[in-house]
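Read-outs: derived from the displayed coordinates by stated rules, not from any lab. These numbers were taken from a predicted model, which means no experiment stands behind them. Note that we place each Cβ from the backbone using ideal geometry, even for glycine, and neighbour counts take in every protein chain shown.
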Amino acid sequence: MAGLLIASLFLAAFLALFVARTRHRQHSSQELPLPPGPKGLPLLGNINDLPPPGVLEYEHWLQHKERFGPISSVTVMGQTIVIIHDKDAAFELMEKRASKHSGRPSMKFAMEL
């Protein structure tokens, strides 16, 4: 009986998390679209598209550049990573437009310590 209760609670928590993530994606998808990238798995995202162990990272990302172009994106466990493969585009964003694009996530817990 206790095992059934635990399984039911686990299933309810999983469904609540899934619904929350789906709603968040719907709201964030109304903003600007992401650069092209591989299609990911539910909840895990593009975790299988990260460089496998033993493969040099730059070789893996060069193949990624050939498939998706000079600017691409991957999402892993809800965290989106935009990859800039072009030197001129990176210079443009980091030097000329730094005031627009250099924001960092707010770390409330770290700031309160």
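Key figures
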| read-out | value |
| --- | --- |
| Order by protection proxy (mean Cβ within 10 Å, highest first), peptides 50-59, 82-91 | 82-91, 50-59 |
| Rounded FRET efficiency, nearest 0.05, which uses the C-beta distance separating LEU5 from MET77 and R0 of 22 Å | 0.20 |
| Note, ³J(HN,Hα) from phi for segment 66-81, Karplus 6.51, -1.76, 1.60, rounded to Hz, x at Gly and Pro | 5, 7, 10, x, x, 10, 9, 8, 9, 10, 10, 6, x, 9, 8, 10 |
| Summed residue charge, Cβ within 13 Å of GLU59's Cβ, Lys/Arg positive, Asp/Glu negative | -1 |
| Segment 1-92: Rg to Rh, with Rh as the Kirkwood radius over Cα pairs | 1.13 |
